[in-house]
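Participant: The structure's right below; bear with me while I get my questions together.
No lab work stands behind these numbers, since they all come straight from the coordinates. Keep in mind the model is a prediction, meaning the values are calculated, not measured. All Cβ positions, glycine included, derive from the backbone under ideal geometry; neighbour counts span all protein chains shown.
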Amino acid sequence: MSDRLTVATWNINSVRLRLPIVERFLIEHAPDVLCLQETKCPDANFPAGAFRKLGYEHIAINGQKGYHGVATLSKRPFLREARRDYCGKGDSRHVATDLAFAGSSVTLHNFYVPAGGDEPDPDINAKFAHKLAFLREMGDELTAAARPSVIVGDLNVAPYEHDVWSHKALLKVVSHTPIECDLLEAVREAGSFVDVMRRFVPMEEKLYTWWSYRAKDWSAADKGRRLDHVWATSDLASTATVIAALRDIRGWPQPSDHAPVITTLEA
DNA sequence: ATGGTCGCTAAGCGA
């Protein structure tokens with residue numbers, strides 16, 4: 001049974017403040033599924049009604065007050081929902097859903113990996129130690145990942161040379177240090193996942209999903225990083241296509257500092 | 001050059 005499923009991922013940095021542009025995105029791009037990160041919203045206050053009105057009737061949320069938070073919005077019903085408390089800290093950083101796909105099902109993991117603070121040394125920076133522990137736990141879990149599976153989200157690591165505006169300038173900057181880049185590769189390989197964005201954009205081509213709020217003119221400076229990712233198991237990756245980071249959306253009014261990424265899965 | 005800007009929630013923290 002042939003099928004097609006479009007999956008978007010977007011760190012929106014407050015779902016309530018960003019509701020107008022999330023609605024605009026859903027109307028203009030109409031993915032089957034949208035995975036949000038940094039919703040910063042307790043579940044009781046999640047604006048589910050606004051999304052249901054746009055046809056996203058199935059909503060899996062894992063939120064908390066003020067920080068983190070993920071949500072998966074879907075036109076297609078969920079066969080299963082699961083949430084894992086990575087590192088046992090009570091942070092809302094993961095929700096998994098199973099969706100009907102091609103006569104069977106696909107598992108979709110939505111992750112928000114800890115940013116890791118400023119100092120890339122786990123001995124003096126507990127936030128960086130947490131980030132590394134979180135990634136190691138991801139690797140342990142994903143070794144046994146169901147097939148087919150897709151992982152999307154803000155992984156807060158830009159692993160390759162051209163995932164950042166300057167490899168040399170960022171070697172000691174959290175998100176692009178060798179320890180994180182090597183660990184993210186090990187996590188991906190532990191579950192035999194394919195980096196779908198890089199299947200479509202050559203390794204030597206710059207590719208970003210995030211631009212800091214701090215730049216005077218983010219687009220002109222273009223000091224971006226590829227922090228958001230789409231991974232798929234090899235059975236899906238062979239037919240997956242990516243609309244790489246929708247950069248224009250970074251320039252919408254009151255934007256998130258991340259751009260969304262859309263992937264089409266076909267089987 | 002070691003800031004610069006956001007969003008939460010009510011001064012400072014996290015990103």
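Participant: Which value in nm describes the separation of the simple spin-label points at A:Ser212 and A:Gln64, placed 7 Å from the Cα toward the beta carbon?
Facilitator: Here the modelled spin labels are 2.6 nm apart.
Participant: Name all residues of segment A:53-90 having a backbone nitrogen under 15 Å from the label point set 7 Å from the Cα of A:Ala44 along its Cα→Cβ direction, giving them as ranges.
Facilitator: Backbone N within reach: A:63-66.
Participant: Using the charge dipole of chain A (Lys, Arg: +1 at Cβ; Asp, Glu: -1 at Cβ; taken about the Cα centre), state which of A:Leu36, A:Trp231, A:Val95 has its Cα farthest towards the positive end.
Facilitator: A:Leu36
Participant: Using only alpha carbon pairs under 8 Å that are at least six residues apart, calculate the relative contact order of chain A and give it in whole percent.
Facilitator: Values: 635 pairs, mean separation 51.5, N = 267.
19 percent.
Participant: Could you work out how far the C-alpha centroid of segment A:8-24 sits from that of segment A:202-267, in angstrom?
Facilitator: The two parts, judged by their Cα centres, are 15 Å apart.
Participant: Per residue, what volume in Å³ does the convex hull of the Cα atoms of segment A:33-89 enclose?
Facilitator: Numbers: hull volume 4.6 nm³, N = 57.
Expressed per residue, the convex hull around the Cα atoms of segment A:33-89 is 81 Å³.
Participant: Taking the highest mean first, how do the peptides A:48-54, A:245-251 order by number of other beta carbon atoms within 10 angstrom per residue? Please list the in-between numbers first.
Facilitator: Details: A:48-54: 14.4, A:245-251: 16.4.
Result, highest mean Cβ count within 10 Å first: A:245-251, A:48-54.
Participant: What per residue convex hull volume, in Å³, comes out for chain A when only alpha-carbon positions are used? Present the calculation step by step, with values, prior to reporting the outcome.
Facilitator: Numbers: hull volume 32.0 nm³, N = 267.
For chain A, the hull spanned by Cα atoms encloses 120 Å³ per residue.
Participant: Give me A:Tyr160, A:Tyr213 sorted ascending by neighbouring Cβ count inside 10 Å, so fewest comes first.
Facilitator: Values: A:Tyr160 17, A:Tyr213 9.
Ordered by Cβ neighbours within 10 Å, fewest first: A:Tyr213, A:Tyr160.
Participant: Return the lysines within reach of A:Lys131: Cα separation strictly under 21 angstrom, same-chain partners fewer than 8 residues apart disregarded; answer none if there are no such residues.
Facilitator: A:Lys40, A:Lys65, A:Lys89, A:Lys172
Participant: For chain A, what does the helix formula give at 222 nm: sum of -39500 (n - 2.57) over DSSP H segments with n ≥ 4, over the residue count, nearest 500 deg cm²/dmol? Numbers along the way, then the final one.
Facilitator: Values: 8 runs with 64 residues, N = 267.
So the helix-based figure for chain A works out to -6500 deg cm²/dmol.
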